[in-house]
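Contents: one structure, followed by commentary.
Read-outs throughout are calculated quantities, based only on the coordinates presented, and are distinct from any laboratory measurement. The model shown is predicted, which means the values in this text are computed figures rather than measured ones. Ideal geometry is used to build each Cβ from the backbone, glycine not excepted, and the neighbour counts take in all protein chains shown.
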Amino acid sequence: MDIRKAKFMQGFIRLTDDAFKKGWHERNGGNLSYRIKSEEIEAVKTELNPVGEWFDIGTNVPSLAGEYFLVTGSGKYMRNVILAPQDNTAIVKINEKGEKYGIVWGLEQGGQPTSELPTHLANHAIKKDLTQGRNRVIYHAHPANTIALTFVLPLEDKIFTRELWEMATENPVIFPEGIGITPWMVPGGKAIADATGKLMKKYRVVIWAHHGMFVCGDDFDEAFGLMDTVEKAASIYVKVRAMGGKQQTISKQGFLDLAREFDIDLNTEFLE
Ligand code: 13P
Ligand code: ZN
């Protein structure tokens, strides 16, 4: 089967196109990865090339040994994925120790997987384990309102979580565990992968100060929806600040009532 026609590729493409149109992906900003199911890789096996060269991942992910990932290419533009996935994305295979990757499809005009591959794979390893294999998508974007907040709010999980929960009644239902924040860090390496991974053990959303956001999801809809929800909350917050700040908001008791009615495991640490 032509990989470009596979359902997982169609889902991947739809996310990249929708997300570019949201304004979250200037130039080559942001990246996306999908852990391919064994039956999906089986269906396209005849299209795959043998691994030519193995490259260091830059972190160790033994639990991902032998897995295949569809990833965006480094320096490639999200808006171009729909036009030529074979040039702008790659399928990579992880070696048996979980230390190296090899390219088996894509990047036909040259290039390499996203520079954030260490963070993507570290997060895949953590979420695969925590969700008994259900989580398959890790997604990074540069949404403007969320980034703007990292210049004005203290860089604390509790403050970001509480402010963004307050911005729309159903937000605590979408991200009841809250949001993690890293301070500004150099992107693209093991240090930022480790810092993000530590937060991803607790949360499904991590904001990188003055840079962007990482989210995860069992499928493309979940990951896209989570990014969209947090960014919309941030955009409401920006409007509220611009209009002179909150005059009233949802009470602590309101959140507790919501958690009970919606039967969600709300992180009540952030209500204090
Ligand atoms: P890549 O082009 O290497 O994916 O980098 C984009 C980015 O957003 C880095 O954080
Ligand atoms: Zn980035």
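Dividing the summed -39500 (n - 2.57) terms of all DSSP H runs of n ≥ 4 by the residue count of the chain sets its mean residue ellipticity at 222 nm at -11500 deg cm²/dmol. Pairs with C-alpha atoms separated by more than 30 Å, drawn from the list LYS232/LYS252; LYS22/LYS100; LYS37/LYS239; LYS21/LYS252; LYS201/LYS232; LYS100/LYS232, are LYS22/LYS100; LYS37/LYS239; LYS21/LYS252; LYS100/LYS232.
When +1 charges are put on Lys and Arg Cβ atoms and -1 charges on Asp and Glu Cβ atoms, the dipole computed for the chain relative to its Cα centre reaches about 400 debye. Taking a spot 7 Å from the Cα of ILE82 along the direction of its beta carbon, which residues of segment 30-70 have an amide N less than 20 Å from it? Inside the label zone: 30-34.
Mean Kyte-Doolittle of at least -1.0 and a Cα length of 20 Å or more along the axis: which whole DSSP H helices of the chain meet both?
7-21, 220-242
As a length-normalised measure over Cα pairs under 8 Å and 6 or more apart, the relative contact order of segment 75-147 settles at 19 percent.
For segment 134-150, the residues whose backbone nitrogen is under 16 Å from a point 7 Å from the Cα of GLU39, taken along Cα to Cβ, are 134. Looking at the chain, what % of its DSSP beta bridges pair antiparallel, to the nearest 5? The answer is about 90 percent antiparallel. A crude spin-label estimate for the pair ARG241 and GLU26, with each label 7 Å from Cα along the Cβ direction, gives 1.7 nm. Taking the DSSP beta bridges with both ends in segment 94-253, the antiparallel portion is around 75 percent.
The calculated pair-distance distribution of segment 123-272 uses every alpha carbon pair, bins of 5 angstrom beginning at 0, and gives 2, 9, 19, 23, 22, 15, 7, 3, 1, 0 percent.
Find which of GLY23, GLY178, PHE69 sits farthest along the positive direction of the dipole of the chain, computed with +1 on the beta-carbon of Lys and Arg, -1 on that of Asp and Glu, about the Cα centre. The Cα lying farthest towards the positive end belongs to GLY23. Label point of ALA191 set 7 angstrom out along Cα-Cβ; within segment 52-89, amide nitrogens under 17 Å from it belong to 58-59.
The magnitude of the dipole of segment 164-272, with charges of +1 and -1 set on the Cβ of Lys/Arg and Asp/Glu and taken from the Cα centre, is near 600 debye. Translational diffusion coefficient of segment 25-68 (Stokes-Einstein, Kirkwood radius from Cα pairs, 4 °C, 1.567 mPa s): 97 µm²/s. Working ranking of peptides 99-111, 81-93 by packing, defined as the average number of other Cβ atoms within 10 Å per residue, highest first, is 81-93, 99-111.
Were the residues from ARG134 through ALA209 laid out at 0.36 nm apart, the gain over their Cα-Cα distance would be 24.2 nm.
Taking the average, over residues, of other Cβ atoms within 10 Å as the packing measure, peptides 257-263, 189-195 rank 189-195, 257-263 from highest down. Sequentially through segment 149-154, phi angles give Karplus couplings (6.51, -1.76, 1.60; θ = phi - 60°) of 4, 6, 9, 10, 8, x Hz, Gly and Pro residues having no value and appearing as x.
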